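Chemist: Okay, handing you the structure first.
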Amino acid sequence: MRIALVNPNWNFDGSIYFGCRAPHLPLEFGIASRMLRDAGHDALMIDAHLHGLSLGDIDAELKAFAPEMAVVTTAPTYLFWRCAPPELRVPQELCRMLRELAPLLVILGPHGSTAPRAALAKLGADIVIMGECEELLVRLADGEWHGLPGLCYRDGEQIRVIGGPGATRFVDLPPLEWPREWIARHHHHHHRFDADPMGPGAEVEASRGCPYSCTFCAKENFRNRYRKRAPAAVIAEVARLQGQGVEYIYFIDEIFLPNAPLLEGLVGRGLKFGVQTRIDLWKPDMLDLLGRAGCVSVECGVESLTAEGRDALDKRCKLSTDQLADRLIEAKRHIPFVQANLIEMPQDDDERVERWRTQMRNAGIWANDPVPLFPYPGSPDYRKLWGLPDDQAWERAHHYYLGQFDRFSDVQNERPRPLNELELEALA
């Protein structure tokens, strides 16, 4: 079967989107294309965001390929499934065009994983994959999908939801290969602040899922269970990227846990990399190894400055606030850029927060001005407010967020617009 995997050319104007707006490698499509080809299918990846493609450009490329199945993601790469744009404006515009080019239209991403019926209807698709997508895409291409768990699809006039979100094995994922011309265009170094880029950047997935269940994290319906790739496969993938000129990679892992075999394999390779993690899980000797392996950027989830606040977020953190500060300062001894993430919590008074931020700033550590987080469908925070997500989950969370707060993230350069208003643009 001929399968087109299409990443839209994302536009975030008016969105509450918290993620980075630069193009990143669509890892879910890179993995899926490898698995589809291994199964004997013809897979074409189109990354309209990385290549700046218009709808007309995509149309011309797909007409030449003549796909039997087109696949669209509703988030800009796996890295941002947990904080995707709530609105489906951009995928809607793309799907309207694809409907005329492929007999089978498949959707994947966080929207369909949490509200599959709504995603299917809004995007006019035939099938929605709930959860992680790679193995199910192969089974779809093989022709088996009626009654397959993890799918939502049209059956005559009805919409059927079979089972719930699925997960892949992941642990045996071989090294990925990316076209050289893609890497050459990948100028962005995600979350790097120690130096200006001298060569291309890239993203790599060393593990998937997280063993913790913090209330704000939208991972209940995808990339939930923690799994780890073999260090040799990750190192081989890194080496291949370095051979294409990559000087910096970002590990997109939900949580980059201490992993001595992987870090030891990276020592001496001349690679720079960034990670997101919890500082309470790293002891001084492992922070030293992390720095020697080439880490130049670490983003650490502290979230609250009181034990009560961290308990309210279900952080299961065993260190005190002073111990967290000491560990961050220890990390700064080995890593050029250290960031401590804070969330606006009622347990943290403004004076204490500003005093702690000043302490961190004096130690060379960046701590953000706490901002409220969006209650993403698929997070415990959403369930506490409204229960399990339904067809109106994304609209409900978005309306609540806009009505609750008058101060937003510093990546939002304007007040976000209502979700329905954004999606109506795609139908105009």
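Chemist: Considering only protein heavy atoms, what per residue accessible area in square angstrom results for the range 305-376 with a 1.4 angstrom probe? Each step should come with its number before you reach the end.
Modeler: Numbers: 3670 Å² over 72 residues.
So the range 305-376 comes to 51 Å² accessible per residue, rounded to a whole number.
Chemist: Over the range 196-256, give the accessible area per residue in Å² for a 1.4 Å probe, as an integer.
Modeler: Numbers: 1870 Å² over 61 residues.
For the range 196-256, the per-residue accessible area is 31 Å².
Chemist: Please give me, ordered by residue number, the trypsin sites (Lys or Arg not before Pro) of the range 143-191 that lie in loop per DSSP and have at most 15 other Cβ atoms within 10 Å. Don't skip to the answer; put the middle values down first.
Modeler: Numbers: sites: ARG154, ARG160, ARG169, ARG180, ARG185; in loops: ARG169.
Loop-located and lightly packed - ARG169.
Chemist: Tell me which of PHE29, LEU271, ALA115 sits at the most positive position along the dipole axis of the chain, charges placed on C-beta atoms (Lys, Arg +1; Asp, Glu -1).
Modeler: It is LEU271, whose Cα lies furthest towards the positive end.
Chemist: Can you give the net charge of the other residues whose Cβ lies under 11 Å from the Cβ of GLN323, counting K and R as +1 and D and E as -1? Provide the component values of the computation, followed by the final result.
Modeler: Details: positive: LYS318, ARG327; negative: ASP280, ASP322, ASP326, GLU330.
Spelling it out: positives minus negatives among the neighbours equals -2.
Chemist: Return the sequence-ordered ³J(HN,Hα) values of the range 324-336 in whole Hz as given by the Karplus equation 6.51 cos²θ - 1.76 cosθ + 1.60 applied to θ = phi - 60°, using x for Gly and Pro.
Modeler: 4, 4, 4, 5, 5, 5, 5, 4, 5, 5, 10, 10, x
Chemist: With +1 on each Lys and Arg Cβ and -1 on each Asp and Glu Cβ, how big is the dipole of the chain about its Cα centre, in debye rounded to the nearest 20?
Modeler: Numbers: 48 positive and 61 negative charges, 167 e Å.
The dipole magnitude comes to about 800 debye.
Chemist: What does the net charge come to around HIS189 if you take all other residues with beta carbon closer than 11 Å to its beta carbon, with K and R at +1 and D and E at -1?
Modeler: On the way: positive: ARG192, LYS272; negative: ASP194, ASP196, GLU203, GLU247.
Net local charge, HIS189 excluded: -2.
Chemist: How much net charge surrounds LEU289 when only other residues with a Cβ under 12 Å from its Cβ are counted (Lys, Arg +1; Asp, Glu -1)?
Modeler: Values: positive: LYS283, ARG292; negative: GLU264, ASP285, ASP288.
Value of the local net charge: -1.
Chemist: Give the shape of the range 248-319 as rounded, prolate or oblate, defined through the alpha-carbon gyration tensor: a ≥ b ≥ c are the square roots of its eigenvalues, a/c under 1.5 means rounded, and otherwise the shape is prolate if a/b is larger than b/c and oblate if not. It would help to have the intermediate numbers written out before the result.
Modeler: Working: a/c = 2.90, a/b = 2.18, b/c = 1.33.
Prolate is the answer for the range 248-319, as a/c is 1.5 or above and a/b outweighs b/c.
Chemist: Among LYS272/LYS315; LYS63/LYS228; LYS332/LYS384; LYS228/LYS272; LYS318/LYS384, which pairs are too far apart, with a Cα-Cα distance over 31 Å?
Modeler: Details: LYS272/LYS315 29 Å; LYS63/LYS228 39 Å; LYS332/LYS384 36 Å; LYS228/LYS272 21 Å; LYS318/LYS384 24 Å.
Long pairs (Cα-Cα over 31 Å): LYS63/LYS228; LYS332/LYS384.
Chemist: Let me ask something else about it. Please report the accessible area of GLU344 (heavy atoms, 1.4 Å probe, ligands and nucleic acids excluded) in Å², nearest 10.
Modeler: 80
Chemist: Further, regarding this structure: Tally up the carbon and sulfur contribution to the accessible surface of the range 152-213 as a whole percent, 1.4 Å probe, everything protein left in place.
Modeler: Working: 1530 of 3120 Å².
Carbon and sulfur atoms account for 49 percent of the accessible area of the range 152-213.
Chemist: At 1.4 Å probe size, with the rest of the protein present, what percent of the exposed accessible area of the range 301-428 is carbon and sulfur atoms?
Modeler: Values: 3220 of 6750 Å².
Within the range 301-428, the accessible surface is 48 percent carbon and sulfur.
Chemist: Tell me, what is the percent relative contact order of the chain, built from C-alpha pairs under 8 Å that lie six or more residues apart? Let's see the in-between values first.
Modeler: On the way: 861 pairs, mean separation 63.4, N = 428.
Normalised by residue count, the contact order of the chain is 15 percent.
Chemist: By how many nm would the segment from ASN341 to ALA184 grow when fully extended, if each residue of separation counts as 0.36 nm and the alpha-carbon distance is taken off?
Modeler: On the way: separation 157, 0.36 × 157 = 56.52 nm, distance 3.15 nm.
Stretched out fully, the ASN341 to ALA184 stretch lengthens by 53.4 nm.
Chemist: Under the rule a/c < 1.5 gives rounded, and otherwise a/b versus b/c splits prolate from oblate, where does the range 10-130 land using the Cα gyration tensor?
Modeler: Judged from the Cα gyration tensor, the range 10-130 comes out rounded (a/c under 1.5).
Chemist: Within the accessible area of the range 5-103, what % is carbon and sulfur when the probe is 1.4 Å and the other protein chains stay in place?
Modeler: Ligands and nucleic acids excluded, carbon and sulfur give 49 percent.
Chemist: Which order do the peptides 269-281, 25-37, 322-334 take when ranked by the mean count of other beta-carbon atoms within 10 Å per residue, highest first?
Modeler: Working: 269-281: 20.2, 25-37: 22.8, 322-334: 17.7.
The densest-packed peptide leads the list: 25-37, 269-281, 322-334.
Chemist: Mean separation of Cα pairs under 8 Å and 6+ residues apart, divided by the residue count of the range 263-305: what relative contact order is that in percent? Intermediate values should be presented prior to the final figure.
Modeler: Working: 46 pairs, mean separation 23.8, N = 43.
Across the range 263-305, relative contact order equals 55 percent.
Chemist: Stretched out fully, how many nm does the piece from ASP42 to ALA167 gain, at 0.36 nm a residue minus the Cα gap? Please list the in-between numbers first.
Modeler: Working: separation 125, 0.36 × 125 = 45.00 nm, distance 2.35 nm.
Gain in length upon complete extension: 42.6 nm.
Chemist: Compute the Cα gyration tensor for the range 58-179, then decide on rounded, prolate or oblate, letting a ≥ b ≥ c be the square roots of its eigenvalues: rounded whenever a/c is under 1.5, prolate when a/b is larger than b/c in the other cases, and oblate in all that remain.
Modeler: Details: a/c = 1.20, a/b = 1.04, b/c = 1.15.
It is rounded, given that a/c, with a ≥ b ≥ c, falls under 1.5.
The values are calculated or read from the model by the stated rules, or taken from the named source; none is laboratory data. Nothing here was measured: the structure is a model prediction, and the numbers come from that model. Backbone-built Cβ (ideal geometry, glycine too); neighbour counts: all protein chains shown. SASA here: full protein model, heavy atoms, side chains in, ligands and nucleic acids out. Shrake-Rupley method; radii C 1.70, N 1.55, O 1.52, S 1.80 Å.
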